[in-house]
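Below: the structure, in C-alpha cells.
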Amino acid sequence: MERWVALDLETTGLSPTRHEIRELAAVPFGIDADHTEHVLHFTPADFQPSWRPAARSRLAELLPTIGEGSVIVAHNAAFDLAFLAEALRRTGVRPFILRAYCTLRLARVLLPGLRRYDLASLREKLGLEGGEPHVALADARAVAALFTALMQRAGFVDEQALRALHGPPLRVGAPSANRRIVP
C-alpha cells in the first residue's frame, strides 16, 4: 500500500529562488498511516552557505516521511513542490522522485463555480474542522481532511480513478536549476 502524505509549506514570499521556506509540515494519513507528523521551522539563514549542513540534516529527517514511494497531497501542490525542490537543491539533499496530487485542482473539478478555492474557504464549505490558517501543521492536517472529503464526494479512493479526475500527478525529480515540476 502506498503512503499518503499531506504537505504544507509556509514561505517568506512567492518565489522559490528568491524566498525561503520558514515552516514545513508533513502529515501521513489514510488507512495504513503511522501518523508520525513532522514539522520543521526554518529561517532564511538556514539556507545560507554556512548553515546549509544544519538545513540539510533537518530536511533529511523528512525523507522517510516524504521520500520515494509516498504520494504527496498539497493545496496548490506546484507551489509547495517548487519550494521543496529548491530547498533540496540548495542544501544538497540527495535527489528523489515525488509524485503529488493537488487539492486545489481537485476542488475546482469537484466543486465548480465557487468564488474562492483557498484552503480556509474550502474547509468552511465542506464543514471540516481546522486550526489556525497559515500554520504548516494545521494546514497540512486540513489538506488531508480536504483530500479525504473530496475523494468521498467523488465516490472513490482508487489512484487510477483519481488520475482520471485530476490528470497525471505532478512530479518533481532530482532537483537542479534546469529541472522543473511538470504535470
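Would you be able to say whether some residue in segment 41-64 is at pLDDT below 85, in a helix (DSSP H, G or I), within 15 Å of the chain's Cα centre (by Cα) and surrounded by 21 or more Cβ atoms within 10 Å (Cβ to Cβ)? Yes, segment 41-64 has at least one match. The residue of segment 119-137 that is nearest to residue 14 (Cα to Cα), among those that are of a type in the set (D, E, K, R) and free of Cβ contacts under 8 Å to residues at least 12 places away in the same chain, is 132.
Restricting the first member to segment 138-165 and to residues that are modelled with pLDDT of 85 or more, and the second to residues that are assigned to a helix (DSSP H, G or I) and basic (Lys, Arg), the beta-carbon pairs closer than 8 Å and six or more apart or on different chains are 142/123; 145/123; 146/123. Report yes if residue 126 is touching a Pro at 6+ places or on another chain (Cβ under 8 Å) and either modelled with pLDDT of 90 or more or of a type in the set (Lys, Arg) (or both), otherwise no. No, not satisfied. Do you know which residues across segment 147-165 are under 24 Å from residue 121 (Cα atoms) and not aromatic (Phe, Trp, Tyr)? The answer is 148, 149, 150, 151, 152, 153, 154, 155, 157, 162, 165.
Residue 58: closer than 19 Å to residue 23 by Cα, without any contact (Cβ under 8 Å) to a residue 40 or more places away in the chain, in contact with a strand residue (DSSP E or B) (Cβ under 6 Å, 6 or more places away or on another chain) and not aromatic (Phe, Trp, Tyr), yes or no? Yes, satisfied.
The values are calculated or read from the model by the stated rules, or taken from the named source; none is laboratory data. None of the values given here were measured: they were computed from a predicted structure. Backbone-built Cβ (ideal geometry, glycine too); neighbour counts: all protein chains shown.
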